[in-house]
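Undergrad: There's a structure below that I have some questions on.
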Amino acid sequence: MSSQPKPDARPREDIKILYDVELTNAPGKSLIGMEVYYKPNGTTPPHRHAGATAVAYVLDGKFLSGMNGNPAVVYDEGQHFVERPGCHHTVSDNGSATAPMRAIVNLVVDTSVLKTEKGYAALVEIDEGWE
């Protein structure tokens, strides 16, 4: 019997990069803006954000978010939450089975992370066994 988590059959997130700005007042850092969209009952498997600070702002719907194994919290339209560097985003779901969710996520990350072969894909490090 495997102790690895099973990949989730629910719809996965759609991510659109909105902007990528190297911060001249914080050398070596970049600000990445992403639009994250979840279909009803959508999810992102447990993940981290490459050592970034992430701030998520809910534009539409309900964002169910749990970090570092703590109980998940629902964030409604107009609310935000912060993920600190090293945070383990253990629950990242649409809080509704019937309506979509859309959020803007801003990440402050080491520019060097983006210059690897993975590029933007390095920003969402899915836990092993979930891909």
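Undergrad: Output needed for region 47-90: three equivalent-ellipsoid semi-axes, defined as square roots of 5 times the C-alpha gyration tensor eigenvalues, in descending order, whole Å.
TA: Output for region 47-90: semi-axes of 18, 12, 7 Å.
Undergrad: Pick from Val73, Val82, Val21: which is most flexible by mean-square fluctuation in a GNM of the chain where alpha carbon atoms under 10 Å apart are linked?
TA: Judging by the Gaussian network model, the answer is Val21.
Undergrad: Mean residue ellipticity at 222 nm from the helices of the chain, using -39,500 (n - 2.57) per DSSP H segment of n ≥ 4 over the full residue count, to the nearest 500 deg cm²/dmol?
TA: Details: 1 runs with 4 residues, N = 131.
Mean residue ellipticity, 222 nm, calculated: -500 deg cm²/dmol.
Undergrad: Report, by chain and number, residues whose modeled amide H sits under 5 Å from the one on His88, excluding near sequence neighbours (fewer than 5 apart, same chain).
TA: Asn68
Undergrad: Also: Using a 10 angstrom cutoff on alpha carbons, build the Gaussian network for the chain and name the most mobile of Pro71, Pro11, Pro46.
TA: The residue with the greatest mean-square fluctuation here is Pro71.
Undergrad: Ordered by residue, what ³J(HN,Hα) values in Hz, to whole numbers, does region 70-81 give under the Karplus form 6.51 cos²θ - 1.76 cosθ + 1.60, where θ = phi - 60° and Gly and Pro are x?
TA: So the J values, rounded to whole Hz, are 6, x, 6, 10, 8, 10, 8, 3, x, 9, 9, 9.
Undergrad: Go ahead and run the numbers for FRET between His88 and Asn25, Cβ-Cβ distance against an R0 of 25 Å, rounding to 0.05.
TA: Calculated value: 0.30.
Undergrad: 7 Å from Cα along Cα→Cβ at both Thr53 and Asn41: what's the point-to-point distance in nm?
TA: 3.8 nm
Undergrad: In the neighborhood of Gly61, defined by Cβ-to-Cβ distances under 9 Å, what is the net charge if each Lys or Arg adds +1 and each Asp or Glu adds -1?
TA: -1
Undergrad: Label-point separation (nm) for Gln79 and Arg12, each offset 7 Å from Cα along Cα-to-Cβ?
TA: So the two model labels end up 2.8 nm from each other.
Undergrad: Would you pull out the residues with amide H under 5 Å of Glu13's amide H, same chain only if 5 or more places away, H placed 1.01 Å from N?
TA: Sorted by chain and number, the residues that satisfy this are Thr43.
Undergrad: Report in % the part of the accessible area of region 1-82 that belongs to carbon and sulfur, leaving out ligands and nucleic acids; probe 1.4 Å. If you can, show how the numbers build up before the last one.
TA: Details: 2530 of 4730 Å².
Carbon and sulfur: 53 percent of the exposed surface of region 1-82.
Undergrad: Who wins for biggest fluctuation among Tyr57, Tyr38, Tyr120 in a Gaussian network model of the chain, springs between alpha carbons below 10 Å?
TA: Tyr120
Undergrad: Apply the a/c threshold of 1.5 to the C-alpha gyration tensor of the chain and tell me whether it is rounded, prolate or oblate.
TA: Working: a/c = 1.81, a/b = 1.28, b/c = 1.41.
It is oblate, given that a/c is not under 1.5 and a/b is not larger than b/c.
The values are calculated or read from the model by the stated rules, or taken from the named source; none is laboratory data. Predicted, not measured: the structure shown is a model, and the values here were computed from it. We place every Cβ from the backbone using ideal geometry, glycine too, and count neighbours over all the protein chains shown. Each accessible area value is taken on the protein alone, full model and side chains, heavy atoms only, with ligands, DNA and RNA left out. Shrake-Rupley method; radii C 1.70, N 1.55, O 1.52, S 1.80 Å.
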